[in-house]
1. Using a 1.4 Å probe on the protein heavy atoms only, what accessible surface does residue 139 show? Give it in Å² to the nearest 10.
2. Once you have the Cα-Cα distance between residue 118 and residue 29, take 0.36 nm times their residue separation minus that, and quote the gain in nm to one decimal.
3. Between residue 135 and residue 95, what is 0.36 nm times their sequence separation minus the Cα-Cα distance? Round to one decimal in nm.
4. Out of 52, 30, 124, any idea which swings most in a Gaussian network model of the chain, alpha carbons joined below 10 Å?
5. Once the Cα gyration tensor of the stretch 49-148 is found, what semi-axes does its equivalent ellipsoid get, as square roots of 5 times the eigenvalues, in whole Å, sorted largest first?
6. Counting helices only, and only those DSSP H runs with n ≥ 4, report the 222 nm mean residue ellipticity of the chain as the sum of -39,500 (n - 2.57) divided by its residues, in deg cm²/dmol to the nearest 500.
7. To the nearest 0.05, how large is the calculated FRET efficiency for residue 59 and residue 108 if R₀ is 30 Å and r is the Cβ-Cβ distance?
8. Per residue, how much accessible area does the chain show when a 1.4 Å probe rolls over the protein heavy atoms, in square angstrom?
Amino acid sequence: MKMFKKILLVSVVSSLISGHALAANLDSDSATVSMAVSQYAALTGLDDFVLSTTDTDGAAGAVYSGSDSFNLESNAQVRVSLSGGDLSNGTDSVSTSYSMDDGGTTFDTTADSVHNATHSVAASATLGAISAQKAGAYSTVITLTVAAL
């Protein structure tokens with residue numbers, strides 16, 4: 001029985017080798033597979049925020065400030081711009097200024113690089129004379145815009 005197994009094994013190996021020799025490649029071809037990834041960016045985590053003051057609330061010259069954070073993720077260099085108007089209650093307005101990351105209202109990410117980081121947006125409003133604005137709720141909308149560079 002051992003001998004039969006050996007002969008059978010030799011026979012199978014022999015037929016595999018000879019079968020392989022008969023299946024020679026007659027032709028072949030190659031192709032390059034490629035794709036293009038478009039530039040993309042996402043802003044997440046920006047929420048409404050309230051300005052508050054450490055001065056006397058409602059006093060002339062009182063400064064109100066507040067901030068929030070957001071995440072910017074991009075696969076290319078981008079420019080982020082912040083825009084917003086003065087806080088208003090419909091008829092009265094309060095002079096308001098904005099900044100991102102303790103700087104200006106625009107920043108660029110690093111050239112030829114991906115980006116995934118948390119940033120901050122801040123607002124500051126300064127009251128005029130006591131009678132320059134009515135008491136009440138003031139608001140505005142800010143907009144962050146991401147553009148490819």
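1. Its accessible surface works out to 80 Å², give or take rounding.
2. 27.2 nm
3. 12.9 nm
4. Per the Cα network of the chain with a 10 Å cutoff, 30 tops the list.
5. Each semi-axis is the square root of five times an eigenvalue, giving 32, 12, 10 Å.
6. Helix contribution divided over all residues of the chain: -5000 deg cm²/dmol.
7. E(calc), rounded to 0.05, equals 0.15.
8. Counting only protein heavy atoms, the per-residue value for the chain is 71 Å².
The values are calculated or read from the model by the stated rules, or taken from the named source; none is laboratory data. This structure is a prediction, so every number in the text was calculated from the model and none was measured. Quick reminder, even Gly has a Cβ in these numbers, built from the backbone with ideal geometry, and neighbours come from all protein chains shown. Side chains included, ligands, DNA and RNA excluded: accessible areas come from the protein's heavy atoms. Shrake-Rupley method; radii C 1.70, N 1.55, O 1.52, S 1.80 Å.
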